[in-house]
Amino acid sequence: MLQDFITAHKSTFSDHTELRAQVNTSQRVVLLAGNMAANAQSSEGGVSARVYRGGLWGFASGAEYSPDSVKNVVSAATENAVFMDNQVKKGDPPLPSLGSGSVGLKTPVFDPVPQSYLIDYAKTLDDIITRKYNNLASRTVVANFLGMEKRLVVSDGVDSHLFQPRSSILVFLTAENNEGVPIELFESFSMFGKFDELYPDPKLLEEKLDELYKTLMDQRDAVYARAGVSKCILHPDLAGMLAHEAVGHTVEADLVLGGSVAGYNLDKQVASELVTMVDYAHTYDGKAAPLPVYVDDEGTPAEDAMLIEKGVLRGFMHNRDSANHFGVKPQGNARAFEFSDEPLIRMRNTAILPGKDKLDDLIASVDDGYFLVKTGNGQADSTGEFMFSVNVAYEIKKGKLGKAVRETTISGVAFDMLKTVDMVSDDMSWNISGFCGKKQAMTTGMGGPALRCDINIGGR
């Protein structure tokens, strides 16, 4: 657990100051075809300070964490803020006050499990794969743990001591299709918490692995999609990814100020009335959100941010600066991944809300279209334009699933695509396995139901 070397320095703050101590602990095991390809443990930490003066920030950080190093970092950040203020002479007033308070640990800080546990788990899972599944050209098993512990004191806002642990398993299976071309699929299993408690027995994943293997075998006989706009059902996992990449980033206020399409659409219809999208702070449906954030790294208490309400764009995600610019209340979206990173506006648990329809009814309603299940990678920009690969999809013929579809792409403009949504399933799927790569890595949650919409799909 991080010792508290920072609270004693709060009385020395002259300008608005944020002082953060942080340590990230990670463990990683990778088995490639049963052979150890990676076996790593690391712990990286230190202290950083940001000082606000006249509308500008001074920042400094150091890898040493001691009372003396904290003092030096605060002094360096203050000197940087004074220098910037003297040079730029922006002259802005102080940021609006957030008051004061403190939040203690919401999740106990625990020691990572022994590295041998991850190794044994991965080996057992690999043994299950080799015993059960034939016709594989390659297989990879990855076991990961990441724990982020932060202590924060601020001159104005909420002091906090928080811990965010994430454990995950990734399985990659590769086979050859009937033309001898390699095809690879993967499945990720990620949850908030301690690795050994979340994954006590590899056999508990067998049912999901069976599904992954069956899907891979289906892909060996896959057919090409028909190019053009088609009526499609987006699986909840894929809908969540699109919500994050193609919509979420456009409504981050720093990108809005940089010219994002969302800036021209506030309080306008950007989606079907069936679409509501929220960035949840720490609670969803009465339970802890997949990656709960209680206080952000500027000392702002975290609240839910309504982004799209019944198809109308209602707001953006903010840090204190941007909230002040737009004249709204900040809701805790400023987050930093490492101790040496400055907080950026980031998503937390971003999701499209479920509707009232059943997934089976969505599929049954399509006479000729596609069920898009998994995305591999893709890109989106501040215009809302996106292009994603789709590595698992199926034809829908007369309301029934048909042949698997070869890896293809989907593309379009997010707000245009969302306006075509005319059915929304009543289920909800969350995914916290990846990292969002906006300038610095960050763990985020994304979720959604299945959506029926019109979308441009690539062909042969």
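The values are calculated or read from the model by the stated rules, or taken from the named source; none is laboratory data. Since we're looking at a predicted model, the values are computed, not measured. A quick note on method: Cβ atoms are made from the backbone with ideal geometry, for glycine too, and the neighbour counts reach across all protein chains shown. When the accessible area is computed, the model is the full protein with side chains, heavy atoms only, and any ligands, DNA or RNA have been set aside. Shrake-Rupley method; radii C 1.70, N 1.55, O 1.52, S 1.80 Å.
Annotations for the structure displayed:
- For the peptides 156-162, 316-322, 185-191, 29-35, the ranking by mean Cβ contacts within 10 Å, running from highest to lowest, is 316-322, 156-162, 185-191, 29-35.
- Our note on the geometry: Cα centres of segment 233-282 and segment 81-135, 24 Å apart.
- Each peptide in 419-429, 296-306, 344-354, 124-134 was scored by the mean count of other Cβ atoms within 10 Å over its residues; highest first, the order is 344-354, 296-306, 419-429, 124-134.
- Cα-centre dipole for segment 189-282 with unit charges at Cβ (Lys and Arg positive, Asp and Glu negative), debye to 20: 420 debye
- Average projected area [Cα convex hull, segment 282-363], square nanometres: 7.2 nm²
- Three-way shape label, the chain, alpha-carbon gyration tensor, a/c 1.5: oblate
- Compared with the dominant principal axis of the Cα atoms in the chain, helix 206-219 is inclined by about 60°.
- Computed extension gain for ILE119 through SER100, at 0.36 nm per residue and net of the alpha carbon distance, reaches 2.3 nm.
- 3J(HN,Hα) along segment 292-305: x, 10, 9, 9, 8, 7, 10, x, 8, x, 7, 10, 5, 10 Hz, from the Karplus curve 6.51 cos²θ - 1.76 cosθ + 1.60 with θ = phi - 60°, whole Hz, x for Gly and Pro.
- Helix 115-132 axis versus longest C-alpha principal axis of the chain: approximately 10°, rounded to the nearest ten.
- Amide proton proximity set for VAL295, modelled H, under 5 Å, gap of 5+: ALA302
- Relative compactness, segment 1-113, computed as alpha-carbon Rg over 2.2 N^0.38 Å: 1.43
- Scalar couplings 3J(HN,Hα) for segment 377-393, obtained by applying the Karplus form with A = 6.51, B = -1.76, C = 1.60 to θ = phi - 60°, are 7, x, 8, 8, 10, 6, 7, x, 6, 9, 8, 10, 7, 10, 9, 9, 7 Hz; x denotes Gly and Pro.
- Taking amide H as placed 1.01 Å from N in the peptide plane, TYR284 has its amide H under 5 Å from the amide H of ALA289, each at least 5 places away in sequence or on another chain.
- Gyration tensor (alpha-carbon) shape descriptor, segment 187-230, a/c threshold 1.5: oblate
- Separation in nanometres of the label points that stand 7 Å from Cα toward Cβ, at LEU32 and VAL328: 4.5 nm
- For THR7 and LYS397, the FRET efficiency from 1/(1 + (r/R0)^6), where r spans their Cβ atoms and R0 equals 45 Å, is about 0.10.
- Between helix 67-88 and the chain there is an angle of about 90 degrees, using the helix long axis and the longest principal axis of the Cα atoms.
- Förster-model FRET efficiency, 30 Å R0, GLU179 and GLN379, C-beta, rounded to 0.05: 0.60
- Here the Karplus relation 6.51 cos²θ - 1.76 cosθ + 1.60, evaluated at θ = phi - 60°, turns the backbone of segment 233-247 into coupling constants of 9, 8, 4, x, 4, 6, 4, x, 5, 5, 4, 6, 6, 8, 10 Hz, with x for every Gly and Pro.
- Cα-based convex hull volume of segment 354-435 per residue, rounded to whole Å³: 113 Å³
- Computed over protein heavy atoms with a 1.4 Å probe, the accessible surface of segment 231-385 works out to 37 Å² per residue.
- DSSP assigns beta bridges within the chain; of those with both partners inside it, close to 90 percent run antiparallel.
- Once backbone amide H atoms are built at 1.01 Å from N, GLU176 has ALA137, ILE183 as its partners under 5 Å, excluding neighbours fewer than 5 places away on the same chain.
- Per residue, the average separation of C-alpha pairs within less than 8 Å and at least 6 apart gives the chain a relative contact order of 16 percent.
- Candidate aspartates and glutamates for bridging to LYS398, where Cα separation is under 19 Å - those fewer than 8 sequence places away on the same chain excluded: ASP357, ASP360, ASP361, ASP367, ASP368, ASP422, ASP454
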